Amino acid sequence: YHFTHAICRRPGTSATQGLRAVDTGTPDTDLFLQHHADYITALKSTGATVTELAADEAFPDGCFVEDAALCLLELAIIMRPGAPTRLGEAALMKPVLEDLYPNVAEITRGHIEGGDILVTEREILIGSSDRTDAEGVENLREIVTPYGYSIRMVQTPPGVLHFKTDCSLLDAQTILSTRRLADSGCFDGYEVIHVAEGEEACANAIRFNNLVIMPAGFPETRATLTAAEYEVRDVGNSEAAKLDGGMSCLSLRF
Ligand code: CIR
């Protein structure tokens, strides 16, 4: 959770066409941009350098850059999104990462999205989902095993978009999780802080250097995190949430 860089892409006007499981309204693109700017301010306030990419209107979900790549210490890996409208985002991210990383690999089989991958200090946890399949995970395993990483495949709860929709890394030992995910036992051996009942939508937060950046509007979970001595920063997420997006989706961190 110590990072010197982040990559973000501004939401464009085509974000109104972004994918969503349930239609709860069309995102207001001006407010979305304002929240996005607040998010970047929070990242930068920790001392990190943020690469800010312009919107690409061809990709309504393009601001959710996390799904297009996985950034590790030694290399970046271009993902292969399982959503057909998002496949092209991977190719778009490739030259950006090639400028920043000496070593960029690529998933060429199956499907895998960054939102399903939680990197902890001891392992890489991957939730299978509608977007991530066994073949994509196997391809990633081949790529990262030579670097000493171990992959553990787990199950994203039914009806949940991505594994990380329901969990976040808070520090080396601690994971913020919904009960429905943690009850599967996938975090046995870690400390788990549960999000408050009814606040499941804030499980997607990020630990970024000194900050836990979480969506605004979840007071009980926020209080729990503050009591556990995390430094919490709220960022408005109402518009990204209409597209099932949260704090982790909006950046690649390394
Ligand atoms: C999608 O359905 O792909 C986008 N509307 C939301 C992606 C959210 N990304 C993430 O959780 N990593």
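Quick note: the coordinates plus some simple rules give every number you see, no bench work behind them. Please read these numbers as outputs of a predicted model, since none were measured by experiment. FYI the Cβ positions are ideal-geometry reconstructions off the backbone, even for glycines, and counts take in every protein chain you see.
Report, as a whole number in µm² per second, the diffusion coefficient that Stokes-Einstein gives for the chain at 10 °C and 1.306 mPa s using the Kirkwood radius over alpha carbon pairs.
In µm²/s, the coefficient rounds to 88.
Only loop residues by DSSP count here, and only those with at most 13 other Cβ atoms within 10 Å; note down the chymotrypsin sites (Phe, Trp or Tyr not before Pro) in segment 103-181 that meet that.
Sites meeting the loop and neighbour criteria: none at all.
Separation between the Ala172 and Asp23 pseudo-spin-labels, each 7 Å from Cα along Cα→Cβ, expressed in nm?
Reported label-point gap for Ala172 and Asp23 is 4.9 nm.
State the dimensionless ratio Rg/Rh of segment 45-99 (Rg: radius of gyration of Cα atoms; Rh: Kirkwood radius).
0.98
For segment 160-223, what is the per residue volume of the convex hull drawn over the alpha-carbon atoms, in cubic angstrom?
Enclosed volume per residue, from the Cα hull, is 84 Å³.
Arg141 to Asp30: extension gain in nm, 0.36 nm per residue of separation minus the Cα-Cα distance?
Contour length minus the Cα-Cα distance gives 36.0 nm.
Hey, can you list the DSSP H helices of the chain whose Cα span along the axis is 20 Å or longer and whose average Kyte-Doolittle score is at least -0.5?
The answer, listed by residue number, is 29-44, 87-100.
For segment 1-143, max minus min Cα coordinate along each principal axis, in Å, sorted largest first?
42, 36, 26
Say R0 is 22 Å: what FRET efficiency, to the nearest 0.05, do Thr41 and Leu100 get from their beta-carbon distance?
0.55
How about segment 161-208: which GluC sites (Glu not before Pro) there are in a DSSP loop, with at most 12 other Cβ atoms within 10 Å of their Cβ?
Glu197
Taking the Cα centre of the chain as origin, sum charge times position over the Cβ atoms of Lys and Arg (+1) and Asp and Glu (-1), and report the length of that vector in debye to the nearest 20.
220 debye
Using the C-alpha atoms of segment 141-254, what convex hull volume per residue, in cubic angstrom, is computed?
124 Å³
Can you give the FRET efficiency for Ala227 and Asp183, using 1/(1 + (r/R0)^6), R0 = 30 Å, r = Cβ-Cβ distance, to the nearest 0.05?
Plugging the Cβ-Cβ distance into 1/(1 + (r/R0)^6) gives 0.85.
Name the trypsin sites (Lys or Arg not before Pro) in segment 77-183 that are in a loop by DSSP and that have at most 14 other C-beta atoms within 10 Å, would you?
Sparse-neighbourhood loop trypsin sites (Lys or Arg not before Pro): Arg109, Arg122.
If you stretched the chain out fully between Glu220 and Glu121, how much longer would it get, using 0.36 nm times the residue separation minus the C-alpha to C-alpha distance?
Taking 0.36 nm per residue and subtracting the Cα distance, the gain is 32.9 nm.
What is the chain's relative contact order, in percent, from Cα pairs under 8 angstrom and six or more apart in sequence?
The normalised contact order for the chain reaches 23 percent.
Evaluate the charge dipole of segment 8-81 about its Cα centre and quote only its size in Debye, nearest 20, assuming +1 on the Cβ of each Lys and Arg and -1 on the Cβ of each Asp and Glu.
Result for segment 8-81 is approximately 140 debye, rounded to the nearest 20.
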